[in-house]
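The values are calculated or read from the model by the stated rules, or taken from the named source; none is laboratory data. Values in this document were obtained by computation on a predicted structure and should not be read as measured data. Heads up, the Cβs are rebuilt from the backbone with ideal geometry, glycines too, and the neighbour counts pull from every protein chain shown.
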Amino acid sequence: MTIIKTPKKLIEVALPLDDINDAAVKEKSIRQGHPSSLHLWWARRPLSAARAVIFAQMVNDPGYERNLGRGVNKEKAKLERDHLFGLIRRLASWENTNDAKLLEEARAEIAKSWRETCELNRGHPDAKELFDPEKLPAFHDPFAGGGALPLEAQRLGLESFATDLNPVAVLINKAMIEIPPRFSSRAPVGPIHESIKQARLPTDWNGAQGLAEDVRRYGRWMRDEAFKRIGHHYPEVDLGKEQGGGKATVLAWLWARTVKSPNPAFSHVDVPLVSSFILANRAGKESYVEPVVNGDTYRFEVRSGKPPESAKNGTKAGKAKDFFCLLSGSPIARDYIRAEGKAGRIGVRLMAIVAEGVKGRIYLSPTEAMEEVAHRAANESIVDEARESFLSGSTPTRAMITGGVCSAYGLTTWGHMFTPRQIVCLTTFSDLVSELRERIKADAVASGWQDDHRSLDDGGLGPAAYADAISIFMAFCLDKMADLGNSLVRWEPTAQCPRQLFGRQGFPMLWDFAEANPFCDSSGSWEVFIDGVAKAMDKVFAITPAWFRGHASQQDAQTQSVSHRKVVSTDPPYYDNIGYADLSDFFYVWLRRALRPVFPQLFSTMLVPKAEELVATVYRHGSKPAAEKFFLDGMTEAMHRLADQAHPAFPTTIYYAFKQAETTDAGTSSTGWETFLEAVLAAGFAITGTWPLRTENGSRMVSQGTNALASSIVLVCRQRAGSASTISRRDFLRELKDELKEAVDVMIGGAEGISPVAPVDLAQAVIGPGMAIFSRYTAVLEADGSPMTVHSALTLINRMLTEGIDDFDSDTQFCLGWFDEHGWAAGEFGKATVLARAKGTSVDHVRDAGVVEALSGRVRLFKPVEYADEWSPSKDNNTPVWEALHQLIRALRTNGEGVAGALLAGMPQRAEPIRSLAYRLYTLCERKGWAEDARAYNELITSWVGIEEASHVKGHLGSQVAMDI
């Protein structure tokens, strides 16, 4: 068998991780012009991270020649690596997403590395197929989801393939990588709406501008046509004299759910369940609802001004969030409400009206006429038809998803989640998506397009395919309307607008909800949805050339063969974190109604396929062990497909996010994480690196005292060598100790200028080099000859990090052990003596160093605040690293980076040991749950650059610029 020469890729050696993470966090706040504006998908990877990872996966590390047995100048390699780091930093920036010159520079680097690899393997018997220097390998993501990875691979110049079992994900990927290149730089064909000025239109229609413009034009036609049909359900509201009189457009109707009062005296009355009566809470512009009770009746009246305290909690009662009867004050238990809901006896009552005034939003008391108009929609025949047909599917139960469910309160089908008027609205727009296709075809032919009659799925480029393409984006707008047009949409009093259902991954019950007007120009309107989708297309596909090629199809990752000889990066399901199929049924039912004629195969099932979905859901498999086995077996098979098929010249990158990490003295573990790693290794992969990618603010996590973990881990994998052998537990531990120290030094910034891994991520990052050792062997054998489990290996790797691979001085080793056992509390002198002897020191010596107090048979460590302010390293000839570290913490917290830097200038040789000890103590405190102490070490590390700069300004002790310390 001819050996393939595989240069190490940059991602297997180094990454500017902090810069990538910072860009990912920043991108999270981007709304307009982001692919997420096209269609919601859960746990979508940041584009910045995806772009950086794929680039580093494709580009050779400048020092790769050492891997192939040839010499290389380390200094030159470092310079070249720094250049690549700079390129990645620019690539990761959201502002550079459509920088054509930068992307061309990145593609050139990828092509250069590919040519180098082809040259190394030109003698391979399959070189013609595997190593054509003129043709880059294609890219594949078998769990494509929200499409970030296929999109960024395409942007970097690779032909991109996206597959997924979920039809909603497939459709999103078609919109991301198939459609924009196919119709790139085409002028729009739709007639210009009378409200649009010709002067604003471009003349060259670059990228997807023409496509986006047609979305706007046909979207406006749909809005006008829908208003002709159902506008009578959305009348204007009459204003009183105090509002200036006349009529105003309604922005939203605010409703309260009701149940019969459990008090016998009022059991004939439907009383409201309201979580808050606050309508607007901006200072000086407050509005609220006041319930006015009169005997056994009540009405809602809108008031202006500062609301009473009682308005904040509506009719909620107590911490259990039960309710009380507005008329009698009697408690309304949650169990009673559930029973009423399951019996179909929960009603609704109009609570307030939000309208567009001359100077902004105005809040009006409800009227019987307005309530009657809304209820009248229930007489439309389509309402019952929809609920009995395509909306008859069951909503998730608590066993299916973790983000809250409404099914427990009687909203057990998709039809129950929408009011009659919302169903009329959504079905009308759905019908118009189908009608629109014929109109687009005719307009395209009239514009001079050649009619090839082929559909989008058949590879068409003519009017029929273009009509299919536009209808997809219109269906996306329909889904957006469903997300903001259901009875689980809350009113946001600060922003004063409705908030979409999917604030989290579930369907939590909502008691008072907002019903938006689709024909206004505010949140929840069709016009806003069209504008958002078109803006995303303008931005995301601004420089999408016709030569970009993308393919999205429905495939099961366990059986697909699309990965054959392709570069693979993927983001698989996270054990049992997210029930994608159960959640996406909400969108699927509307997409299927609108697009089944376009994609009959994709929408052949009534609901999203679930049996093959690779998540460990107990309700589908009967028990937790059975669910775990299903996940392990299925994921192992899916990973086998990748290990066997992926292009051998490149590593495969796989994202994994933690659901819930259990952090103890034994290490960081998670059932899903361990099961996933087992699947990866069983598939024949060896792990060559792990990189923690964050989209959350790490300091926020630490401040809350939580398990401050990375949002996701990127595993870098290569196929395990066929000649791999076994190794004993003892030899595995020896290799861990030998190799882990150097790896940790690199991670915390001790080698070649690599951006340091944050303390919050170190426990996850160290899994990479640790599992690289574990996975290079077919098995690590325990003393009894049984193979070591992934759980045991992770425990040993974490323990190695916690117990130490650094050679600190004896006093510091004592302090570490004592701190691990007692924290800052006092312990017995006898035990301290035993520990001190074991570490090669004595309690007296540690006391003389000034880091412990030893009195009355008790010993305790000094806290940083107890260290002397006047301390100077130049005047202390007995300074353990422990003391130096905590003196720096004291100085930083008391006086800032400048004073801390002055202290460091007096002991420059201790800089790296101090930082290493801070990392170690952060890890220890995080696992103990000592959040405040962890924060102190984290603050020092995050301030390290500033402290070092201050130390250089002060001048290092012994240098020519040193000053008195």
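Data overview
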quantity: The listed residue being touching a helix residue (DSSP H, G or I) at 6+ places or on another chain (Cβ under 8 Å) and at pLDDT below 90, out of F829, F808, F862; calculated: F808
quantity: Residue check for R893: buried (at least 22 other Cβ atoms within 10 Å of the Cβ) and either in contact (Cβ under 8 Å) with a residue 40 or more places away in the chain or at positive phi (or both); calculated: no
quantity: From D784, D811, residue being buried (at least 19 other Cβ atoms within 10 Å of the Cβ) and among the charged types (D, E, K, R); calculated: D811
quantity: Criterion: touching an Asp or Glu at 6+ places or on another chain (Cβ under 8 Å), β-branched (V, I, T) and free of Cβ contacts under 8 Å to residues at least 24 places away in the same chain - qualifying residue of V269, V274, V302, V292; calculated: V292
quantity: Residue count, the range 609-627 (criterion: assigned to a helix (DSSP H, G or I), surrounded by fewer than 19 Cβ atoms within 10 Å (Cβ to Cβ) and not basic (K, R)); calculated: 5
quantity: Matching residues, the range 235-248, being touching a Ser or Thr at 6+ places or on another chain (Cβ under 9 Å) and either closer than 11 Å to P518 by Cα or among the aliphatic types (A, V, I, L, M) (or both); calculated: V237
quantity: Residues within the range 383-412 that are surrounded by fewer than 16 Cβ atoms within 10 Å (Cβ to Cβ), at pLDDT 95 or above and either in a helix (DSSP H, G or I) or not small (G, A, S) (or both), tallied; calculated: 3
quantity: 2 or more residues of a type outside the set (K, R) and within 25 Å of W94 (Cβ to Cβ): qualifying strands (runs of 3 or more DSSP E) within the range 454-554; calculated: 550-554
quantity: Among the residues listed as R345, R376, R398, the single one being more than 37 Å from the chain's Cα centre (by Cα) and under 16 Å from M509 (Cβ atoms); calculated: R345
quantity: Every pair of residues 6+ apart whose Cβ atoms lie under 6 Å, when the first sits in the range 169-190 and is touching a residue at least 60 places away in the same chain (Cβ under 8 Å) and surrounded by 24 or more Cβ atoms within 10 Å (Cβ to Cβ) while the second is acidic (D, E) and assigned to a helix (DSSP H, G or I); calculated: V189/D443
quantity: Strands (runs of 3 or more DSSP E) fully within the range 280-357 counting 2 or more residues that are of a type in the set (D, E, K, R); calculated: 297-304, 347-357
quantity: Subset of the range 629-652 [of a type outside the set (A, V, I, L, M), in a helix (DSSP H, G or I), surrounded by 14 or more Cβ atoms within 10 Å (Cβ to Cβ) and modelled with pLDDT of 90 or more]; calculated: K629, F630, D633, G634, T636, E637, H640, R641, Q645
quantity: Meets criteria (of a type outside the set (F, W, Y), in contact (Cβ under 8 Å) with a residue 60 or more places away in the chain and surrounded by fewer than 17 Cβ atoms within 10 Å (Cβ to Cβ)) for R799; calculated: yes
quantity: Count of the range 90-108 residues which are over 15 Å from P133 (Cβ atoms) and touching a residue at least 12 places away in the same chain (Cβ under 8 Å); calculated: 12
quantity: Criterion violated by W255 - all others in (1) assigned to a strand (DSSP E or B); (2) closer than 30 Å to K535 by Cα satisfied; calculated: (2)
quantity: Residues of the range 513-544 satisfying the condition of being of a type outside the set (A, V, I, L, M, F, W, C) and either over 25 Å from I230 (Cα atoms) or in the same structural domain as G314 (by TED's automatic domain parsing) (or both); calculated: K535, D538, K539, T544
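Condition check ((1) charged (D, E, K, R); (2) touching a strand residue (DSSP E or B) at 6+ places or on another chain (Cβ under 9 Å); (3) in a loop (DSSP other than H, G, I, E, B); (4) at pLDDT 95 or above) across all residues:
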| position | (1), (2), (3), (4) |
| --- | --- |
| V215 | no, no, no, yes |
| A226 | no, no, no, yes |
| R229 | yes, no, no, yes |
| P235 | no, yes, yes, yes |
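Matching residues to (1) of a type in the set (K, R); (2) modelled with pLDDT of 95 or more; (3) within 24 Å of P545 (Cα to Cα):
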site	(1), (2), (3)
Q57	no, yes, yes
V72	no, no, no
D82	no, no, no
S93	no, no, yes
T97	no, no, yes
L149	no, yes, yes
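Listed here are the residues, each with its yes/no results for (1) part of a loop (DSSP other than H, G, I, E, B); (2) surrounded by fewer than 14 Cβ atoms within 10 Å (Cβ to Cβ); (3) aliphatic (A, V, I, L, M).
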position: T833; (1), (2), (3): no, no, no
position: R837; (1), (2), (3): no, yes, no
position: G840; (1), (2), (3): yes, yes, no
position: H845; (1), (2), (3): no, no, no
position: V865; (1), (2), (3): no, yes, yes
position: E870; (1), (2), (3): yes, yes, no
position: L885; (1), (2), (3): no, no, yes
position: A900; (1), (2), (3): no, no, yes
